[in-house]
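Structure first, commentary second.
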Amino acid sequence: MNLRQKLLLLALVALVLPLSSWLLLRELEGFLRAGQQQALQATASTIARSLDGKLQQVAAANANDLLVSAGGDTAIDGYFSYWPAASAYWNTYASDDGELQLKLAARSNGRQLWLALIVSDHSPVRENLAIQGAMDGFELNLFGQQGMTGFKIAAAATGPFTLNSNQHSQISGYWLDNFDGYQVELLVPLKMAVSGLSLRLVDVDDPGVRLISREINLKRLQLAQPQTEIAAQIKSLLGAGQSAWLLDNNDNIRARASGGDIQSASQQQSNWVQRVVHDLMSKQLPSSHSISGTAPRLPAEFEAVGWTRDASTAQLINAVSVPVSSAGQIVGSLQMQAVADDLLLLSNNALLRIVGISLLAMVIIMLAMYLFAGRLSARVRKLNQAVNRARERPHVDPDLPLLEDRDELGELARSDARLLQAVREYNQYLQTLASKLSHELKTPLVIVRSSLENLSRDPSDPKAAIYISRAQEGSDRLAGILRAMSDASRLEQSIAVADTEDFDLAALLTQSTAAYAQIYPQYQIECELDQSALHINGAPELLAQALDKLVDNAVSFSGPDDLITLGMRSSGPVEIFVRNTGSSLPDEMQDSLFESLVSLRTRSRDGVPHLGLGLYLVKLIAQAHHGKASARNLKDKQGVEFTLTLPKLAP
């Protein structure tokens, strides 16, 4: 995976923007929903308090009341197309053995009464004039202004029917057989049942014997008429998109009302994009479905208190329930719901905008990172190619790019330049090493060879002793060179594994100065300290060897009248110096003096050629103490000072 692909993968972290925005919006919508539910609860409580003193009929409700819902003039056909489907509008009854079941509902427009019966009977026995005995059907008694009026209703087949009473009142109906029983729809003048009704439903299983197998006997049922005045009062207090139902203690709806419609796009069927956004924002809410028709939607079983979402339309439904009281007694409850279109549209539109902006921002970020990665890759590739060219042509000065840049790549380019320069210098050193060793070894080899040749020509020559002496001298010089190189190699290894300890540097310099004064009595050697004691952590043996090399070098370039000074300065980094008067360094040698096989001395005091390894070892000792070695001429070139600069290595 290259750099561009890695940065593009990293850019996918920008996906956290829409995700965090979505989570934030969901939390915000939760707070808004809680606020709207509290507001709806307060509205319901206000409406409930305003009904106190007007709920006498609701307070008188009992379990035998038959709920009468409000409705307009409709034709009777037995199919119940205009009847509400909610189970709260239907009373359910059953025989003792449960084989016969009845669902009963009533509607009224203030003048007429519609009755609906749904009978479950798996063994139908219809009316047959040729056979005497009982048959499936029911007896209906109506209690009105003129007393009780009774009807016996049975049918031989599906179809309409008309019945006349002895008070010259007429009712009409429609009988509809179905696969598990029958349905009956009746139209009765309201004045005939203003005081209630009773009903006896019978079931015959054997069409031959025609005996009643079971029955459902409903005693006198009072009609729970809709409270139109209360409904009008509730409606006057409702806002747009709000609906309310007044229920008695038997869960019969005594009044219902709806506010104005909310004109918004959410009333239309939503497309798949809106449904996806809808699910994202309200997935944690339970799903619900609206009831078709013009009537306001009733919460299923009057238990859907809280927030629900409509799966088919972009709507959130907020429902609350509060008790209603009359004369200090709870006589029912007020159910309210509101369609929160504005809240949903606000959150959906906000989510769409945030997702769109976040995706655009992510694309811009990915494009910017792709371009940045391309430029970064080009710079790295350019630097890599330049380094490879410099490595392949070490004799040519490296021309690296990015040296003037002020970022990390510029720093890397400068580091590479320094590294290539060091490698180039080291290569040059290796290239001159053979010539230096050849130069140092050539002279003693010539001496030994010529001496041996002279001896071979005339062993009795009186000068044989001179030739032997010269050969011995050349051999000694070769042995000295090899010994010096071996000592230098051994000292390099000891530097790498040297142990450190706490010691007094001032005491080390004082003792060393006294020792050098005894070794070189013909020279003036003194000690110069700015502190009487300075404890540091280091390798005293290595520092003593470095002093040996520096003092030996100073003695080589000093005369009896010159002064050699050992000392230290500790005001900043610790500096150990060896200073001698009487000689100076060539300007061109000050930077290369501490390199291996570089020396201003041709021979040591014992006549062995000087290889220039002493100051090189001094540099290695300084580096082992995380310091450096340097040399400079004194003022007016009256002498030379060699310095070991060490960090303050506290014990």
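The values are calculated or read from the model by the stated rules, or taken from the named source; none is laboratory data. Computed from a prediction, not measured in an experiment: that's the story for all the values here. Positions of Cβ are generated from backbone atoms using ideal geometry, with glycine treated the same way; all protein chains shown enter the neighbour counts. Protein only, heavy atoms only, side chains kept; ligands, DNA and RNA dropped before computing areas. Shrake-Rupley method; radii C 1.70, N 1.55, O 1.52, S 1.80 Å.
For the stretch 220-269, which residues satisfy the criterion of being surrounded by 22 or more Cβ atoms within 10 Å (Cβ to Cβ), of a type in the set (Gly, Ala, Ser), in contact with a Lys or Arg (Cβ under 8 Å, 6 or more places away or on another chain) and at pLDDT below 85?
Ala224 - this is the single residue of the stretch 220-269 that is surrounded by 22 or more Cβ atoms within 10 Å (Cβ to Cβ), of a type in the set (Gly, Ala, Ser), in contact with a Lys or Arg (Cβ under 8 Å, 6 or more places away or on another chain) and at pLDDT below 85.
Out of the residues in the stretch 557-575 that are under 17 Å from Leu634 (Cβ atoms) and open to solvent by less than 10 Å² (accessible area, probe 1.4 Å), state the one that is farthest from the chain's Cα centre (by Cα). Working first, answer last.
First, pick out the residues of the stretch 557-575 that are under 17 Å from Leu634 (Cβ atoms): 557-559, 561-567, 569, 575.
The next check asks that each one be open to solvent by less than 10 Å² (accessible area, probe 1.4 Å); those that pass are 564-567.
Values: Ile564: 71, Thr565: 69, Leu566: 66, Gly567: 63 Å.
If we take residues in the stretch 557-575 being under 17 Å from Leu634 (Cβ atoms) and open to solvent by less than 10 Å² (accessible area, probe 1.4 Å), then Ile564 is farthest from the chain's Cα centre (by Cα).
For residues that are crowded, with 18+ Cβ neighbours inside 10 Å and of a type in the set (Gly, Ala, Ser), tally how many sit in the stretch 542-551. Quick ask: steps written out before the conclusion?
At the first step, the residues of the stretch 542-551 found to be crowded, with 18+ Cβ neighbours inside 10 Å are 542-543, 545-547, 549-551.
Those still in the list that are of a type in the set (Gly, Ala, Ser) too: 546.
Selection size over the stretch 542-551: 1.
Test of understanding: among Thr149, Thr92, which residue is open to solvent by less than 30 Å² (accessible area, probe 1.4 Å), closer than 21 Å to Lys219 by Cβ and of a type in the set (S, T, N, Q)? Before you say what the answer is, go through the steps one by one.
On the way: Thr92 fails: open to solvent by less than 30 Å² (accessible area, probe 1.4 Å).
That would be Thr149, the only listed residue that is open to solvent by less than 30 Å² (accessible area, probe 1.4 Å), closer than 21 Å to Lys219 by Cβ and of a type in the set (S, T, N, Q).
Give the number of residues within the stretch 159-176 that are open to solvent by 60 Å² or more (accessible area, probe 1.4 Å) and touching a Phe, Trp or Tyr at 6+ places or on another chain (Cβ under 6 Å).
1
I'd like the full set of residues that are over 16 Å from Gln225 (Cα atoms), among the β-branched types (Val, Ile, Thr) and within 59 Å of the chain's Cα centre (by Cα), limited to the stretch 38-83.
Thr43, Thr46, Ile47
Residues being hydrophobic (A, V, I, L, M, F, W, C) and touching a residue at least 40 places away in the same chain (Cβ under 8 Å): count how many of those fall in the stretch 13-42.
Step one: filter the stretch 13-42 for residues hydrophobic (A, V, I, L, M, F, W, C), giving 13-17, 19, 22-25, 28, 31-32, 34, 39-40, 42.
Then keep just the ones that are touching a residue at least 40 places away in the same chain (Cβ under 8 Å); that gives 14-15, 17, 22, 25, 28, 32, 40.
Counting residues in the stretch 13-42 that are hydrophobic (A, V, I, L, M, F, W, C) and touching a residue at least 40 places away in the same chain (Cβ under 8 Å) gives 8.
Within the stretch 177-218, how many residues are open to solvent by 60 Å² or more (accessible area, probe 1.4 Å), hydrophobic (A, V, I, L, M, F, W, C) and closer than 20 Å to Met148 by Cβ?
1
Those residues that are touching a helix residue (DSSP H, G or I) at 6+ places or on another chain (Cβ under 8 Å) and open to solvent by 70 Å² or more (accessible area, probe 1.4 Å), I need them from the stretch 507-536; list them, please.
Listed by number, the residues that qualify are Glu526, Gln531, Ser532, His535.
In the stretch 43-71, which residue that is more than 17 Å from Ser236 (Cβ to Cβ) and in a helix (DSSP H, G or I) is least open to solvent (accessible area, probe 1.4 Å)?
Here the answer is Val58.
When only residues in the stretch 95-116 that are part of a strand (DSSP E or B) and farther than 17 Å from Ala224 by Cα count, which is least open to solvent (accessible area, probe 1.4 Å)?
Step one: filter the stretch 95-116 for residues part of a strand (DSSP E or B), giving 101-108, 112-116.
Next, only the ones that are farther than 17 Å from Ala224 by Cα stay: 101-102.
Values: Gln101: 86, Leu102: 1 Å².
Ranking the qualifying residues of the stretch 95-116, first place goes to Leu102.
Give the residues of the stretch 66-89 that are under 20 Å from Ile216 (Cβ atoms) and polar (S, T, N, Q), sorted by residue number.
Ser87
Out of the residues in the stretch 113-158 meeting the condition of being in contact with a helix residue (DSSP H, G or I) (Cβ under 6 Å, 6 or more places away or on another chain) and among the polar types (S, T, N, Q), tell me which one is farthest from Tyr182 (Cα to Cα). Don't jump to the end; show me each part of the working.
Here is the first cut: in the stretch 113-158, the ones in contact with a helix residue (DSSP H, G or I) (Cβ under 6 Å, 6 or more places away or on another chain) are 113, 142, 144-145, 149.
Adding the requirement that they be among the polar types (S, T, N, Q) leaves 145, 149.
Details: Gln145: 31, Thr149: 24 Å.
Within the stretch 113-158, the match that is farthest from Tyr182 (Cα to Cα) is Gln145.
Quick test for you: out of Ala539, Ala554, Ala622, pick the one residue that is open to solvent by less than 20 Å² (accessible area, probe 1.4 Å), under 23 Å from Glu425 (Cβ atoms) and modelled with pLDDT of 85 or more.
On the way: Ala539 fails: under 23 Å from Glu425 (Cβ atoms); Ala554 fails: under 23 Å from Glu425 (Cβ atoms).
Step by step, each of Ala539, Ala554, Ala622 is checked, and only Ala622 is open to solvent by less than 20 Å² (accessible area, probe 1.4 Å), under 23 Å from Glu425 (Cβ atoms) and modelled with pLDDT of 85 or more.
Kindly establish whether Leu646 is modelled with pLDDT of 85 or more, open to solvent by less than 10 Å² (accessible area, probe 1.4 Å) and over 24 Å from Ala517 (Cα atoms).
Judged against the criteria, Leu646 is a match.
Filter the stretch 72-89 down to the residues that are of a type outside the set (Phe, Trp, Tyr) and in contact with an Asp or Glu (Cβ under 8 Å, 6 or more places away or on another chain), then identify the one that is least open to solvent (accessible area, probe 1.4 Å).
Let us first name the residues in the stretch 72-89 that are of a type outside the set (Phe, Trp, Tyr), namely 72-78, 81, 84-88.
Of the ones still in play, those that are also in contact with an Asp or Glu (Cβ under 8 Å, 6 or more places away or on another chain) are 76-78, 87-88.
Working: Ile76: 42, Asp77: 52, Gly78: 0, Ser87: 60, Ala88: 19 Å².
In this case the residue turns out to be Gly78.
Hey, Val16 hits all of (1) farther than 30 Å from Val119 by Cβ; (2) modelled with pLDDT of 80 or more but one; which does it fall short on?
Every listed condition holds for Val16 apart from (2).
Taking only the stretch 386-417 into account, find how many residues are among the charged types (D, E, K, R), surrounded by 10 or more Cβ atoms within 10 Å (Cβ to Cβ) and at pLDDT 80 or above.
Looking only at that region, the number is 6.
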